[in-house]
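Novice: Below is the structure I would like to discuss, written out as structure tokens.
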Amino acid sequence: MHHQLWVRQGRGTQRQRRALAAKESQRWIESRQRTEALLSPSTHLLTIADREADFDELFACERRLLSDYLIRVHHDRPVKVQPTEPRQSLPPLLRETPVAGCLNLA
């Protein structure tokens, strides 16, 4: 529902040291916020992204109740299955989780 054109300006580690508002990653947050503004609050929003969207600030920012992420991970993240349980490493947790479904895109 939202598309943002951008061109990367340079390379190197300096990009990692900038504030979030100055980073390329900010576009994932802005896109989700703009899409939410276009949709009814009762519409379920699913943001699908590659591993460049695997960053803490995206997961920590406020979002509406019916807003989920499907992101190819880049980092091993400690996650909680239930709020009262201890955190677990993501890769072994995923390996132990049964497949919930399969979709063939032919």
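Novice: Applying the selection to region 66-106, what residues are surrounded by 10 or more Cβ atoms within 10 Å (Cβ to Cβ), farther than 18 Å from ASP50 by Cβ and without any contact (Cβ under 8 Å) to a residue 12 or more places away in the chain?
Specialist: LYS80, ARG87, GLN88, PRO92
Novice: Would you mention how many residues in region 44-86 are in contact with a helix residue (DSSP H, G or I) (Cβ under 9 Å, 6 or more places away or on another chain), within 15 Å of SER31 (Cα to Cα) and among the acidic types (Asp, Glu)?
Specialist: 2
Novice: Being of a type in the set (Gly, Ala, Ser), at pLDDT below 90 and farther than 20 Å from HIS3 by Cβ: is that true of ALA22 here?
Specialist: On the way: of a type in the set (Gly, Ala, Ser): yes; at pLDDT below 90: yes; farther than 20 Å from HIS3 by Cβ: yes.
So ALA22 passes the test.
Novice: So if I check each of ARG87, ARG34, which one is of a type in the set (Lys, Arg) and either at pLDDT below 90 or closer than 30 Å to THR97 by Cα (or both)? Full working, then the answer.
Specialist: Numbers: ARG34 fails: either at pLDDT below 90 or closer than 30 Å to THR97 by Cα (or both).
Residue meeting the stated conditions: ARG87.
Novice: How many residues does region 45-93 contain that are part of a loop (DSSP other than H, G, I, E, B) and among the aliphatic types (A, V, I, L, M)? Please lay out each step first, then the result.
Specialist: As a first pass, look at region 45-93 and keep what is part of a loop (DSSP other than H, G, I, E, B): 50, 54-55, 61-66, 72-77, 80-87.
Now restrict to residues that are among the aliphatic types (A, V, I, L, M): 65-66, 73, 81.
Total satisfying the criteria: 4.
The values are calculated or read from the model by the stated rules, or taken from the named source; none is laboratory data. In this text, all values refer to a predicted model and were calculated from it rather than measured experimentally. Positions of Cβ are generated from backbone atoms using ideal geometry, with glycine treated the same way; all protein chains shown enter the neighbour counts.
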